Ligand code: BG6
């Protein structure tokens, strides 16, 4: 970590900062990972004094930080945090911001854009106009643009101030413990390593169910929808890790190869399902005629040597029965036995479950399916000692470690594919599903989902 450095949180009084970023920074404080002179600048429009802001921040940290709240640690943390009020869309305000940095002696920066995507360009323009230094990295939240064209425009604007190596595209799924574990599991167990291919694997399923609705993010979400909000980034990242040819090779390059080989099925109307939860149209800030999907399921293929011909099913949605994210691998059947399956539970439970066939006791040939379970999150120590995704990623950025961030060329490839699918959305009916259900009927019928 550089001397005289700071992280500036644009969107300092927003949900992401309160729920994820401040708790993550507090965890880094409590594990001694922040250097003494490191500052945290929270930028917001509201008229808070620093003390008022810290009072609010404390409540979120108490609720969301994995480390138990400790007043000694918090007192140290408090001294780093400065609330700075400004209108980030006004370019001239950045003059005042620069004066503030000068007064604080801050000249190495991490800027965190925890704001609506429409503000990414105004903020960059403001920094470009008045910043006294280009010792700056930027962490930028997804979605990066609304499609390939707007992503390219955004990338060009960012490049006028930040070098390509200073742009950290954050995808917090890459920081999740069990997603990182997919590689370890593939690479370090001969029984999985040797059978991780289309000869032995029949299909792959990735599902991310959420029980919450759009909440306070309706304005953004209604323009985005499930495909752009979850699939184009988070779930494609997971997919790339599962199917990459060489998990021991250069990670980002291997991921890119997967994104370049994504293939949709030819009949979109059968293999892509769009849904909207009942009541969505009545939510605040949602257009009453909205056709935005809060659920999407699709079947696709990755035409690399390893997985050519293996169907991959992805589904995600809001206001579903349970919050549960998992990856399931269905292996090919041997004779009349049931197929083996491997489930990697990503959240909220973290663990691995393997189902296999065994003889039913007392019979000669009758088979039954049984399972072996490993529950990582059942161990309290694991829960407390495992860095959360944002904590891990913030720390990586502070240390110039780009390995867990998405690369621009990956974003281009994943947008191309997502755009290809969204261009067909008018051929796909929007099915209304009940809140608290499993999602639209046609998605349930798409394949035999492994639970
Ligand atoms: C965000 C999406 O990137 O990820 C949200 O914008 C979604 O809509 C969230 O709820 C899911 O993250 P997690 O970590 O709760 O699975």
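A few comments on the model shown:
- Cα centroid separation - the stretch 177-231 against the stretch 65-87, whole Å: 33 Å
- q = 0.14 Å⁻¹: log10 I(q)/I(0) that the Debye formula gives for the chain, counting C-alpha atoms only: -1.43
- The packing ranking of peptides 362-372, 92-102, highest mean first, is 92-102, 362-372, where packing means the average number of other beta carbon atoms within 10 angstrom of each residue.
- Ellipticity estimate at 222 nm from DSSP helix runs (n ≥ 4, -39,500 (n - 2.57)) divided over the chain, nearest 500: -9500 deg cm²/dmol
- For the stretch 382-419 and the stretch 305-364, distance of Cα centres in Å: 26 Å
- Residue-normalised convex hull volume from the C-alpha trace of the stretch 262-302: 81 Å³ per residue.
- Peptides 15-25, 33-43, 157-167 ranked from most to least packed, by the mean per-residue count of other Cβ atoms within 10 Å: 15-25, 33-43, 157-167.
- Once Rg and the Kirkwood radius are both taken over the C-alpha atoms of the stretch 116-217, their ratio Rg/Rh works out to 1.13.
- Restricting the calculation to Cα atoms, the stretch 351-403 yields a radius of gyration followed by a Dmax of 20.3, 61 Å.
- Which of 392, 383 has the fewest Cβ neighbours within 10 Å, and the rest in rising order: 383, 392
- Evaluated at q = 0.22 Å⁻¹, a Debye calculation over the C-alpha positions of the stretch 43-97 (equal weights, vacuum) places log10 I(q)/I(0) at -0.86.
- Each distinct pair of alpha carbons in the stretch 245-384 adds a 1/r term; the inverse of their mean, the Kirkwood radius, is 19.0 Å.
- Against the empirical curve 2.2 N^0.38 Å, the C-alpha radius of gyration of the stretch 13-148 lands at a ratio of 1.07.
- Kirkwood's formula applied to the C-alpha pairs of the stretch 331-451 gives a hydrodynamic radius of 19.7 angstrom.
Since every read-out is calculated from the coordinates, none of them should be taken as a lab result. All figures in this text were calculated on a predicted structure; none of them were measured in a lab. Heads up, the Cβs are rebuilt from the backbone with ideal geometry, glycines too, and the neighbour counts pull from every protein chain shown.
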